[in-house]
Amino acid sequence: MAGIYIHIPFCRKACHYCNFHFSTQLENKLQMVNAIARELTERAPIWQVDPIETLYFGGGTPSLLSQEELNYLLNVVRDQYNLSPTAEITLEANPDDLSSSSLESWQAAGINRLSIGIQSFHEMDLRWMNRAHTAVEAREGLKRVQAAGFENFSIDLIYGTPGLTDEAWMENMEIAIGSRVPHLSCYALTVEEKTALAHLVKSGRMPDTDPEQQSRQFLLLMETLRKAGYEHYEISNFALSGYHSRHNSSYWSGKLYLGAGPGAHSFDGHCRRWNISNNALYIKAIETGEIFHEEEELTKENRRHEYIMTALRTAEGLDLDHYTRQYGLQETKALMDRLNQYQELTRKEGPERLVVNRDRIQLTNEGKLFADGIASFFF
């Protein structure tokens with residue numbers, strides 16, 4: 001199975017916390033769509049082995065595309081690639097773009113899953129984030145999505161933000177649960193370098209993140225959604241039964257994916273490739289035939305580290321039989337030695353963070369608070 005990710009690098013406003021590649025200058029949107037279409041066409045011959053099971057329009061804000069632009073890119077994929085008739089086709093959308101007419105046209109085009117960037121149902125949060133939508137639009141947008149007949153959709157929420165009380169965080173979750181949102185992606189706020197938020201924190205106009213608040217709200221998140229019947233299938237992702245994101249799950253399981261558009265990444269099983277994160281230079285390179293990407297061949301150690309990092313983040317955990325087949329018995333023994341060392345070092349610090357269950361290493365809820373550090377320890 002393989003997937004395609006298409007990066008649409010445009011937004012109406014620059015969210016203060018965001019460090020993804022995008023531009024608020026929309027004048028060259030059509031040029032960009034044509035350039036992405038050309039990249040998809042030129043790379044198609046070497047991506048004909050597997051059927052394409054997932055197609056994901058991310059960004060940026062793909063819901064800014066006109067219906068003609070979206071249909072054009074969809075038709076390029078259908079013409080040039082072996083797109084499965086049962087493919088999961090996701091469009092990221094902002095609440096202010098969820099008009100009844102847009103929803104109807106997206107469905108007609110073949111979009112069968114939406115990922116909605118709500119972030120918060122509280123107006124105060126949306127204002128400091130510099131989001132383009134309001135709290136009212138967030139709630140009304142959900143109603144329109146369901147009225148339009150979209151059964152498979154996800155929303156993003158952010159916790160651990162300045163001024164977000166536990167009560168307000170609970171209210172965000174309760175609105176999602178009450179609306180029977182089938183999938184939630186929930187992230188702790190991070191202060192990324194070179195963002196407006198980083199400047200605000202550095203200048204003292206915004207408080208830095210509070211690790212205790214973030215840990216507390218993450219534990220609240222896990223317990224609240226568990227009681228509501230959601231499966232915690234990856235550290236940041238929760239779904240009702242049958243609504244796991246097939247596209248994102250393919251990343252975590254090491255499957256192949258092609259990324260088109262500026263800043264997009266690809267993985268062919270051996271090499272990691274990433275496109276230049278500059279709209280003008282990307283378009284120019286496509287038009288003139290210049291190289292617009294870099295790539296690296298992953299060593300066996302790179303792949304081993306990536307497997308540890310991604311597997312530990314999932315509910316299934318790290319499969320020791322798979323690990324042995326891929327990297328050998330000696331590496332598995334070394335891994336188990338490191339696990340024993342970690343458990344010994346953290347024994348007096350609180351609840352157990354790792355368990356071995358049926359030949360799988362899995363994080364406990366407490367361990368999920370330290371996922372990146374645990375993975376690094378195994379490196």
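Brief remarks follow.
- Full extension of the segment from residue 356 to residue 329, taken as 0.36 nm per residue of separation minus the current Cα-Cα distance, would add 8.0 nm.
- Cross-link table 202/300; 13/143; 143/255, entries beyond 30 Å C-alpha to C-alpha: 202/300; 143/255
- Annotation: lysines with alpha-carbon distance below 16 angstrom to residue 284 (same-chain offsets under eight excluded): 29.
- Computed over the stretch 235-379, relative contact order equals 17 percent, with contacts defined as Cα pairs under 8 Å that lie 6+ residues apart.
- Taking the DSSP beta bridges with both ends in the chain, the antiparallel portion is around 40 percent.
- Net charge over other residues, Cβ less than 15 angstrom from the Cβ of residue 87 (K, R count +1; D, E count -1): 0
- Pairwise label distance in nanometres, residue 38 with residue 71, each label 7 Å out on the Cα-Cβ vector: 2.4 nm
- Averaging Cα coordinates gives a centre for the stretch 66-132 and one for the stretch 1-41; these two points are 13 Å apart.
- For the chain, Cys with no neighbouring Cys Cβ under 4.7 Å: 11, 186, 271
- Computed from the Cβ-Cβ distance with R0 of 41 Å, the FRET efficiency linking residue 271 to residue 104 stands at 0.50.
- Put simply, when 15-28, 102-115 are sorted by average Cβ atoms within 10 angstrom per residue, most first, you get 102-115, 15-28.
- For residue 157, distant residues with modelled amide H under 5 Å away: 119, 185, 186, 187
- Neighbour-count order for 379, 370, fewest beta carbons within 10 angstrom listed first: 379, 370
- Residues 123, 53, 68, sorted so that the one with the fewest Cβ neighbours within 10 Å comes first: 68, 123, 53
- Over the chain, dividing the summed -39,500 (n - 2.57) contributions of all DSSP H runs of at least 4 residues by the number of residues returns a 222 nm mean residue ellipticity of -13000 deg cm²/dmol.
- Ranking of 364, 209 by neighbouring Cβ atoms within 10 Å, starting from the fewest: 364, 209.
Quick note: the coordinates plus some simple rules give every number you see, no bench work behind them. A quick note: this is a predicted structure, and the numbers were derived from the prediction, not measured. Cβ atoms come from the backbone with ideal geometry, glycine included; neighbour counts cover every protein chain shown.
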